[in-house]
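Let me begin by presenting the structure, written as structure tokens, before commenting on it.
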Amino acid sequence: MKKTERYFYPAVFAYEPGQEIAVDFPDLKCATSGVNDNDAFLSARELLGCVMYGLEEDGEPIPPPTPLKDIELQQNERAVLIDVYMPSIRHANVNRSVNRTVTLPAWLNAAALERNINFSQVLQDALKEQLHIG
């Protein structure tokens, strides 16, 4: 099944004096905030990417977005159409790093530190060699 390349969902930006801008995605039942319009927009885009990626990965149904013109607003709110480009989100999640704890003899650790060895790079190289990849 071909995955969607780009999602577009309406978000409601709510403005209250002295507070961050609250951002709610009514179709997705999730929210975020930002200190100004740019920050709120970027936070909304990041949240949309995370939510949509999670729904895709879990095989959950993707709810249809409400048309922007149909969003009901209060006086201090405005509707904003947020988009997210999923290939970059999927790629980032495939290539994200994870932490692993390894145990070494103290003398080997000291010798490697003395020579400024990059432990992560050595482990990655060794694993790739063992797995016969890249």
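The values are calculated or read from the model by the stated rules, or taken from the named source; none is laboratory data. Being a predicted model, the structure only gives us computed values, none of them experimental. Glycine gets a Cβ as well: all are built from the backbone with ideal geometry, and neighbour counts include every protein chain shown. Quick note on the areas: whole protein, heavy atoms, side chains included, nothing else; ligands and nucleic acids left out. Shrake-Rupley method; radii C 1.70, N 1.55, O 1.52, S 1.80 Å.
Scalar couplings 3J(HN,Hα) for the range 108-118, obtained by applying the Karplus form with A = 6.51, B = -1.76, C = 1.60 to θ = phi - 60°, are 6, 4, 4, 5, 5, 4, 4, 9, 6, 6, 7 Hz; x denotes Gly and Pro. Each Cα pair under 8 Å and six or more residues apart adds its separation to the average, and for the chain the resulting relative contact order is 26 percent. The trypsin sites (Lys or Arg not before Pro) of the range 1-44 meeting both criteria, a DSSP state outside H, G, I, E and B (loop) and at most 15 other C-beta atoms within 10 angstrom of the site's C-beta, are 2, 3, 29.
What does the helix-only formula give at 222 nm for the chain: each DSSP H stretch with n ≥ 4 adding -39500 (n - 2.57), the total divided by the residues, and the result rounded to the nearest 500 deg cm²/dmol? Can you show the working numbers first?
Values: 4 runs with 53 residues, N = 134.
-12500 deg cm²/dmol, from helical runs alone.
Pop out the carbon and sulfur fraction of the accessible area of the chain as a percent, whole number, probe 1.4 Å.
53 percent
For the range 1-61, the percent of C-alpha pairs falling in each 5 Å distance bin, counted from 0 to the bin holding the largest distance, reads 4, 18, 28, 22, 13, 9, 5, 2, 1, 0.
Calculate the dipole size of the chain relative to its Cα centre from +1 charges on Lys and Arg beta carbons and -1 charges on Asp and Glu beta carbons; express the result in debye to the nearest 20.
Working: 12 positive and 19 negative charges, 124 e Å.
Its charge dipole is roughly 600 debye.
Restricting the range 24-111 to GluC sites (Glu not before Pro) that sit in a DSSP loop and have at most 15 other Cβ atoms within 10 Å of their own Cβ leaves 72.
What spacing in nm lies between the two simple spin-label points modelled at residue 111 and residue 128, each 7 Å away from Cα in the Cβ direction? With each label point 7 Å from Cα toward Cβ, the separation is 2.4 nm.
When ligands, DNA and RNA are left out and all protein chains stay put, how many square angstrom of accessible area per residue does the chain have with a 1.4 Å probe? Could you put the intermediate results ahead of the total?
On the way: 9950 Å² over 134 residues.
Accessible surface, normalised per residue, equals 74 Å².
Within a straight-line Cα-Cα reach of under 25 Å, residue 69 can be paired with the following lysines, leaving aside sequence neighbours fewer than 8 residues apart in one chain: 29. Put simply, when 84-90, 8-14, 104-110 are sorted by average Cβ atoms within 10 angstrom per residue, most first, you get 8-14, 84-90, 104-110. Select one label from (1) 22.8, 67; (2) 16.1, 52; (3) 21.9, 67: the one whose number is Rg and Dmax of the Cα atoms in Å as derived from the coordinates shown. Comparing each candidate, only (3) matches the computed number. Taking θ as phi - 60° and the Karplus parameters 6.51, -1.76 and 1.60, the scalar couplings of the range 21-35 work out to 6, 7, 10, 10, 9, x, 6, 10, 6, 9, 8, 8, 7, x, 6 Hz in sequence order, x denoting glycine and proline.
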